[in-house]
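> Pasting in a structure now, in C-alpha cells, and then I'll have a few things to ask.
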There are 2 protein chains.
Amino acid sequence: MAEDRRTRRSRRALGTALVELVLERGFTALTVEDITERADVARATFYAHCRDKEDLFARVTADLLTGLAARLEPVVADSEVGFTGKPVLEMLRHAREERDQYRIVLRGEGDGKPLQMFVDALARATAEEFRARAERNAVQPRIDPELLARVWVGEQIAVLRWWVEQDVPSLPAEEVVRMLLDLALHGRYWASGFESRA
Amino acid sequence: MAEDRRTRRSRRALGTALVELVLERGFTALTVEDITERADVARATFYAHCRDKEDLFARVTADLLTGLAARLEPVVADSEVGFTGKPVLEMLRHAREERDQYRIVLRGEGDGKPLQMFVDALARATAEEFRARAERNAVQPRIDPELLARVWVGEQIAVLRWWVEQDVPSLPAEEVVRMLLDLALHGRYWASGFESRA
DNA sequence: ACTTTACTGAACAAGGTGTCTGTAAATGAA
DNA sequence: TTCATTTACAGACACCTTGTTCAGTAAAGT
C-alpha cells in the first residue's frame with residue numbers, strides 16, 4: 001500500500017533537477033528534456049508525474065510555502081504579546097536552510113507567479129494580524145491595514161532577497177531582524193544625514 | 001532622411017499590442033503571431049524590427065525606465081536640502097500616466113527581468129545618494145547604505161504596486177508619499193496597537 | 001515621376017511539446 | 001519464490017512556434 005520507491009525517487013530527482021537548472025539558466029530557458037536528463041529519468045516519465053514544466057515548478061514552490069507556513073504557525077500563535085519580529089527571524093532561518101528555493105522564488109522566476117503568491121500570502125496574513133491586533137486593543141487604525149502590511153512585507157522581501165543573494169552573509173539573521181524592527185518601528189538608522197527637513 | 005512613417009507606425013503598434021496582450025494573458029503565453037495580429041502587421045514585419053519577443057519587451061520596459069529617469073533627474077538635482085520624498089511623488093505621477101506598463105513590470109512579467117532592472121536601478125541610485133549625503137554631512141553611516149537603500153526601495157515598490165493595481169485609487173499620490181515618509185522616517189502609523197514591547 | 005524603403009504572404013527547417021505505443025524491470029503481496 | 005501490479009523506458013507521432021528567407025507589392029520621400 002505504501003508508495004513505490006521509484007515514484008518517490010523520480011519525483012525528488014525531478015524537483016531537485018529543476019531547482020538546480022533554474023538557478024543555472026533560468027526557468028524559461030529550460031526544456032523538459034533538460035530536466036529529465038539532469039534527473040536521470042526518461043522524458044515520458046516526466047509526463048507521468050507532471051502536466052508540464054509549470055506544474056512541476058508550482059509543486060516545488062507550493063511545498064516551500066507550506067513549509068514556511070508550518071514553521072511560522074507556532075511562532076505567530078506564541079507572539080500575542082507584541083510586535084517582536086519573531087516571525088521574521090523564523091523566515092530568515094527557513095530561508096537559510098532552503099536558500100536555493102528562496103533565491104528562485106525571490107528572483108521572480110516563472111513569470112513572477114510564485115513570488116506573487118509568496119508576497120500575497122505574507123501580506124494577507126500580516127494584514128489580518130494587524131486588524132485583529134487593532135481590534136483587540138480597541139483602537140482605530142490610522143491607515144489601511146492592507147497598505148501597512150504591504151509596506152512591511154515589502155521591507156521583509158527586500159531584505160530577504162538582499163540577504164539570500166549574498167555570497168557570504170555579512171550579517172547574522174538576528175542582526176538583520178533588529179535592524180528591520182528599528183527601521184520599521186522607529187525609523188532609526190536613517191539618522192545618518194538622511195533626515196527630512198521637518 | 002527622416003524616418004519613414006511606416007516604421008514608426010509599426011513599432012508603436014507592436015509595442016502597444018504587446019502591452020495590451022501581456023496585461024490580458026501574460027508574457028509567456030503570447031506568440032509572436034498573437035502580437036502581430038493585434039498590431040495589424042505581418043509576422044515578417046515583426047522580425048524586421050525585433051530579434052524576438054523578449055527584444056520587443058526589453059525595448060518597451062527600457063523606454064519606461066529612461067522615461068522615469070528623465071523625470072527624476074531634475075527633481076533629484078533640486079532636492080539637495082533634505083529627504084523630502086519628492087522623487088517618490090514624481091514616480092507615482094509617472095506611474096499614474098503609464099499605469100499599464102508599470103503594472104506589467106511590477107507583476108514581474110518576462111521572468112522578472114524588467115522588475116529586477118527597475119529595482120536595481122532605483123536601489124543603486126538611492127544607495128549612491130545615501131553615501132553622498134552621509135559624506136557631505138561628515139557622518140559615518142550606522143548601516144550599509146546598500147541595505148538601507150534596498151529596504152527603502154522595497155517599501156516604494158510595494159506601495160507602488162498596491163497603488164497601481166487598485167481599480168479606483170483610494171489615496172491620492174500626495175497622501176501616499178506623506179504616509180510613506182512618516183512610516184520610513186519616524187515609524188508613525190504603527191501606533192495603532194502594533195507597537196513593540198520595548 | 002522615380003528611387004528608395006518598408007510591408008506582405010508564403011514557404012522553410014529546426015526544435016520543443018504533449019500523447020501514445022509496446023516492452024522491460026522493479027516492487028509489494030501472497 | 002512466485003505472481004500480479006505498478007512504474008520506467010525508448011521511440012514514434014502530429015502539432016505548434018520559432019526565426020529566416022525571398023520575390024512581389026505598396027507607399028513613403030525628394
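> Going by the structure shown, is A:Arg59 more than 12 Å from the chain's Cα centre (by Cα) and either away from DNA strand D (no atom under 16 Å from the Cβ) or modelled with pLDDT of 95 or more (or both)?
Judged against the criteria, A:Arg59 is a match.
> Could you tell me whether region A:33-49 includes any residue that is free of Cβ contacts under 8 Å to residues at least 40 places away in the same chain and under 22 Å from A:Met117 (Cα atoms)?
No, because not a single residue in region A:33-49 is free of Cβ contacts under 8 Å to residues at least 40 places away in the same chain and under 22 Å from A:Met117 (Cα atoms).
> Scan region B:1-43 residue by residue and report those that are touching a Gly at 6+ places or on another chain (Cβ under 9 Å), within 16 Å of B:Gln101 (Cβ to Cβ) and assigned to a helix (DSSP H, G or I).
B:Val22
> Regarding B:Leu181, is this residue open to solvent by 10 Å² or more (accessible area, probe 1.4 Å), closer than 18 Å to A:Gly154 by Cβ and either outside any helix (DSSP H, G or I) or more than 8 Å from chain A (Cβ to nearest Cβ) (or both)?
no
> If you go through region B:111-124 one residue at a time, do you hit one that is within 16 Å of DNA strand D (Cβ to nearest atom) and modelled with pLDDT under 95?
Yes, because at least one residue in region B:111-124 is within 16 Å of DNA strand D (Cβ to nearest atom) and modelled with pLDDT under 95.
> A follow-up question, please. Return yes when B:Glu33 is within 13 Å of DNA strand D (Cβ to nearest atom), exposed (fewer than 14 other Cβ atoms within 10 Å of the Cβ), of a type in the set (Asp, Glu) and under 21 Å from B:Gly110 (Cβ atoms) and no when it is not.
Spelling it out, B:Glu33 is indeed within 13 Å of DNA strand D (Cβ to nearest atom), exposed (fewer than 14 other Cβ atoms within 10 Å of the Cβ), of a type in the set (Asp, Glu) and under 21 Å from B:Gly110 (Cβ atoms).
> Still on this structure, I have one more. Give the number of residues within region B:162-178 that are assigned to a helix (DSSP H, G or I) and of a type outside the set (A, V, I, L, M, F, W, C).
Going through region B:162-178 one residue at a time, the tally reaches 4.
> I would also like to ask the following. Quick one: A:Arg131 ticks every box in (1) in contact (Cβ under 8 Å) with a residue 40 or more places away in the chain; (2) more than 7 Å from every other protein chain (Cβ to nearest Cβ) except a single one, so which number is it?
Checking A:Arg131 against (1) in contact (Cβ under 8 Å) with a residue 40 or more places away in the chain; (2) more than 7 Å from every other protein chain (Cβ to nearest Cβ), the one that fails is (1).
> If you don't mind, another one. So, B:Thr28, is that one within 14 Å of another protein chain (Cβ to nearest Cβ), within 16 Å of DNA strand C (Cβ to nearest atom), farther than 30 Å from B:Arg131 by Cα and modelled with pLDDT of 95 or more or not?
yes
> Take the conditions crowded, with 17+ Cβ neighbours inside 10 Å, more than 23 Å from the chain's Cα centre (by Cα) and at pLDDT 95 or above and apply them to A:Arg38. Does it pass?
So A:Arg38 passes the test.
> Restricting to region B:134-165, name every residue that is more than 7 Å from chain A (Cβ to nearest Cβ) and of a type in the set (Phe, Trp, Tyr).
B:Trp152, B:Trp163
> Answer yes or no as to whether A:Val19 is more than 12 Å from the chain's Cα centre (by Cα), within 16 Å of DNA strand C (Cβ to nearest atom), away from chain B (no Cβ under 14 Å) and open to solvent by less than 80 Å² (accessible area, probe 1.4 Å).
Spelling it out, it is not the case that A:Val19 is more than 12 Å from the chain's Cα centre (by Cα), within 16 Å of DNA strand C (Cβ to nearest atom), away from chain B (no Cβ under 14 Å) and open to solvent by less than 80 Å² (accessible area, probe 1.4 Å).
> Considering every residue within region A:39-56, establish whether at least one is away from DNA strand C (no atom under 13 Å from the Cβ) and closer than 27 Å to B:Lys53 by Cβ.
No: zero hits.
> Within region B:75-94, can one find any residue that is away from DNA strand C (no atom under 16 Å from the Cβ), closer than 26 Å to A:Val22 by Cβ and not basic (Lys, Arg)?
No, region B:75-94 contains no residue that is away from DNA strand C (no atom under 16 Å from the Cβ), closer than 26 Å to A:Val22 by Cβ and not basic (Lys, Arg).
The values are calculated or read from the model by the stated rules, or taken from the named source; none is laboratory data. Keep in mind that what you see is a predicted model, and the values were worked out from it rather than measured. So basically every Cβ, Gly included, is an ideal-geometry build from the backbone, and we count neighbours across all protein chains shown. For the accessible areas, the whole protein counts, side chains as well, though only heavy atoms, and no ligand, DNA or RNA atoms are used. Shrake-Rupley method; radii C 1.70, N 1.55, O 1.52, S 1.80 Å.
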